[in-house]
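*Asks:* The structure's right below; bear with me while I get my questions together.
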Amino acid sequence: MVGTPGAGKSTLARQLAAALDVRHVELDDPFWAAGWQPEDPDTFLGAVARLLGGPAWIADGQYDSAVAAHADRAHAVVWVDPPLWVSLPRLVRRTLSRAWRREPMWSAGNTESWWHALGSQSVIWYALSVHRAQRRANEELFRRLAPLDVALIRVRRRPHADTLADVLRAAAAGRKGVHR
C-alpha cells in the first residue's frame, strides 16, 4: 500500500490485514532507528525482506527502495490517493495529537516533539514538499507494474475495508484487475 503522508495507508492496511487475517507490516517501523535517524539502507531492506517473508501480508509505506524490491511479489498494489485537501488536515491532526501525547512510535520508540510537528523538519512540511513527486512516482510505479501479474488498485476515497478485501481476494485468486 503506497500513498503520500496522511493518505490513510496505515489505517487502511491495518483494517485490511484484520479483514484478511494476514500480517500487517508498517514500513516506518524498520525504516526509523532511534533518534529519528533513517536506518542503514541495507539493514532496512534486509528487515523488510524478513518481514515480508511469509506467504501473506499487507505492507504500507512510501519507501521507493522497499516498493521497488518487493512490489512484484505482491498480488496487488493499492495506491491510496486522496486529494491534498483531505490528506493534509488528517496529517496535521495526527501529528499534533502524537506530539501532545508524546506517544512512542514503532520499535525504536521515537516520539513526536513540537519541533518535529511544526518545525522545518516536520512531516507536515515534508508532505507538502513531496506530494506531487510521490504522486508521479506512484504513476510510474503503476506503469512499471502494469505488464506484471499484479492487480493495481488506485483509491481516491477511503473504501470500506471489507470491499477492498474482496478485491484483494480476487487478485490473490488470479483474477487480476484495476479498481478505482
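The values are calculated or read from the model by the stated rules, or taken from the named source; none is laboratory data. Here the structure is a predicted model, which means the values were calculated and not measured. With ideal geometry, Cβ positions are generated from the backbone for all residues, glycine too; neighbour counts draw on all protein chains shown. Just so you know, the surface numbers come from the protein's heavy atoms only, side chains and all, with ligands and any DNA or RNA stripped out. Shrake-Rupley method; radii C 1.70, N 1.55, O 1.52, S 1.80 Å.
*Asks:* Counting Lys and Arg as +1 and Asp and Glu as -1, each charge on the Cβ, what is the dipole of the range 18-64 about the Cα centre in debye, to the nearest 20?
*Replies:* In total the dipole reaches around 180 debye.
*Asks:* Oh, and also: Size of the dipole of the chain about the Cα centre, Lys and Arg at +1 and Asp and Glu at -1 on the beta carbon, nothing else charged, in debye to 20?
*Replies:* Approximately 760 debye in magnitude.
*Asks:* Which length gain, in nm to one decimal place, applies between Asp72 and Asp40 when the Cα-Cα distance is subtracted from 0.36 nm times their residue separation?
*Replies:* Length difference between fully extended and current span is 9.2 nm.
*Asks:* Leaving out ligands and nucleic acids, and using a 1.4 Å probe, what accessible area per residue does the range 47-120 come to in Å²?
*Replies:* Computed with neighbouring chains in place, this is 52 Å² per residue.
*Asks:* In degrees from 0 to 90, rounded to the nearest 10, what is the angle of the helix 41-51 Cα long axis to the longest principal axis of the chain?
*Replies:* 50 degrees
*Asks:* To the nearest 10 degrees, how steeply does helix 123-145 sit against the main Cα axis of the chain, on a 0 to 90 scale?
*Replies:* Tilt of helix 123-145: around 20 degrees.
*Asks:* Give the percent of DSSP beta bridges with both residues in the chain that are antiparallel, rounded to the nearest 5.
*Replies:* Looking only at bridges with both residues in the chain, the antiparallel portion is about 20 percent.
*Asks:* Ok, one more. Once you have the Kirkwood Rh of the chain from its Cα pairs, apply Stokes-Einstein at 10 °C and 1.306 mPa s and quote D in µm²/s.
*Replies:* Here the translational diffusion coefficient equals 94 µm²/s.
*Asks:* Quick one: Cα centre-to-centre distance for the range 59-93 and the range 11-54, in angstrom?
*Replies:* Each part's Cα centre sits 13 Å from the other's.
*Asks:* Quick one: compute the contact order of the range 24-126, relative version, from alpha carbon pairs under 8 angstrom and 6+ residues apart, as a percent.
*Replies:* Taking the mean separation of contacting Cα pairs over the length of the range 24-126, I get 27 percent.
*Asks:* Which residue, chosen from Ile58, Ala127, Ala108, occupies the Cα position most advanced towards the positive end of the dipole of the chain, where the dipole is computed from +1 (Lys, Arg) and -1 (Asp, Glu) charges on Cβ about the Cα centre?
*Replies:* Positive-end residue among those listed: Ala127.
*Asks:* Ignoring ligands, DNA and RNA, what percent of the accessible area of the chain is carbon or sulfur (1.4 Å)?
*Replies:* Carbon and sulfur together cover 55 percent of it.
*Asks:* Could you work out how much longer the chain between Ser65 and Arg50 gets when fully extended? Use 0.36 nm per residue separation minus the Cα distance between them, nm to one decimal.
*Replies:* Residue separation times 0.36 nm, minus the Cα-Cα distance, leaves 3.9 nm.
*Asks:* Next question, about the same structure. Could you tell me how many degrees, from 0 to 90 and to the nearest 10, lie between the Cα long axis of helix 9-20 and the main elongation axis, the longest principal axis, of the Cα atoms of the chain?
*Replies:* The helix 9-20 is inclined about 40 degrees to the chain.
*Asks:* Okay, next question. Could you work out how much longer the chain between Ala146 and Arg23 gets when fully extended? Use 0.36 nm per residue separation minus the Cα distance between them, nm to one decimal.
*Replies:* 41.8 nm
*Asks:* Please get the size of the charge dipole for the range 100-152, origin at its Cα centre, with Cβ charges of +1 on Lys and Arg and -1 on Asp and Glu, quoted in debye to the nearest 20.
*Replies:* Using Cβ point charges on Lys, Arg, Asp and Glu, the range 100-152 gives about 140 debye.
*Asks:* List the equivalent ellipsoid semi-axes of the range 74-143 in whole Å, largest first, each obtained as the square root of 5λ for an eigenvalue λ of the Cα gyration tensor.
*Replies:* Ellipsoid semi-axes (Å, largest first): 26, 15, 11.
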